[in-house]
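The values are calculated or read from the model by the stated rules, or taken from the named source; none is laboratory data. Here the structure is a predicted model, which is why all the values come from computation and not from measurement. In this analysis, Cβ positions are derived from the backbone assuming ideal geometry, glycine residues included, and neighbour counts consider all displayed protein chains.
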Amino acid sequence: MSIDIIVVIGMIVADLVLVLEILYFIFRRNVSNQLIRAAFERNEAKFEAISNTLVAKLLSSFDKELIRFNVAELQRDDALIEKQIKVFEEMDLKDSQKKKVYPQIFYYYIDRKRKEDATRYYEKLAQFDVYRNKRDIEMTYDAYIRGSHMYLEEALKDLKKTSKLELPAKERLVARMYANKGINAEAKKYNSLADKHEAELKGKKA
């Protein structure tokens with residue numbers, strides 16, 4: 001077999017692999033969107049029916065439960081969120097999956113002012129040297145659980161480079177740090193800014 005033919009075959013195989021990867025992404029995205037719609041509609045029968053299709057096998061059980069969890073969070077349905085947390089705790093999660101969902105659960109408990117549960121998930125995350133938002137979680141835990149303002153200067157710098165979507169949460173973090181420091185005027189100022197920016201975000205979504 002000549003070198004030219006080998007090169008051509010190699011190019012054909014590479015193209016086929018690329019096409020398969022694109023198809024995999026499209027099918028995976030489409031079935032995810034279908035599951036998200038079913039979850040938003042609270043249609044469990046539809047969700048299960050989609051989950052049992054051949055295409056849905058592209059998603060892991062974790063992926064499907066994460067969709068349920070994310071939708072429950074968007075709908076602020078505490079009962080469903082708690083149910084999903086219990087599901088995750090009963091699953092044999094990979095480290096990569098823990099790194100994905102544990103920060104979300106941590107922030108849920110912070111938002112609900114459940115310090116003991118937030119600490120439990122902070123400690124679960126402590127087993128990992130690296131995970132997404134590790135620095136933000138450390139700052140949040142320090143302010144909301146330890147009652148510290150150690151990261152105040154760092155948090156103020158973050159406000160200058162954060163996205164509009166994340167800005168209200170960052171401003172509330174700064175407000176909490178000022179409150180911990182006993183500077184209530186600044187705490188009130190940043191809570192007011194957070195209220196304003198949250199309202200702007202809701203206005204854009206409406």
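Does L35 satisfy being over 28 Å from R135 (Cα atoms) and surrounded by fewer than 14 Cβ atoms within 10 Å (Cβ to Cβ)?
Numbers: over 28 Å from R135 (Cα atoms): yes; surrounded by fewer than 14 Cβ atoms within 10 Å (Cβ to Cβ): no.
Answer is no for this residue.
Kindly provide the set of residues from the stretch 54-111 that are of a type in the set (G, A, S) and in a loop (DSSP other than H, G, I, E, B), ordered by number. Passing the criteria: only S60.
Here is a yes/no grid of residues against (1) surrounded by 19 or more Cβ atoms within 10 Å (Cβ to Cβ); (2) of a type in the set (G, A, S); (3) not assigned by TED's automatic domain parsing to the domain that holds K113:
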| position | (1), (2), (3) |
| --- | --- |
| A49 | no, yes, yes |
| N52 | no, no, yes |
| I67 | yes, no, no |
| Q75 | no, no, no |
| D78 | no, no, no |
| I81 | yes, no, no |
| K86 | no, no, no |
| E89 | no, no, no |
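Evaluating G147 against the criteria (1) within 26 Å of N70 (Cβ to Cβ); (2) modelled with pLDDT of 95 or more; (3) not aromatic (F, W, Y) leaves one unmet condition, (1).
In summary, E154 fulfils each of the numbered conditions (1) at pLDDT 95 or above; (2) more than 29 Å from V174 (Cβ to Cβ) with the single exception of condition (2). With a requirement of 2 or more residues that are surrounded by 13 or more Cβ atoms within 10 Å (Cβ to Cβ), over 18 Å from the mean Cα position of the chain (by Cα) and among the hydrophobic types (A, V, I, L, M, F, W, C), the helices (runs of 4 or more DSSP H) lying completely within the stretch 119-206 that satisfy it span 152-159, 167-181, 184-205. Selection of first residues in the stretch 176-193 that are without any contact (Cβ under 8 Å) to a residue 24 or more places away in the chain and of second residues that are among the aromatic types (F, W, Y) and part of a helix (DSSP H, G or I), restricted to Cβ pairs under 9 Å at least 6 apart or on distinct chains, gives the following pairs, ordered by first then second residue: N184/Y178; A185/Y178; E186/Y178; A187/Y178; K188/Y178; K189/Y178; Y190/Y178.
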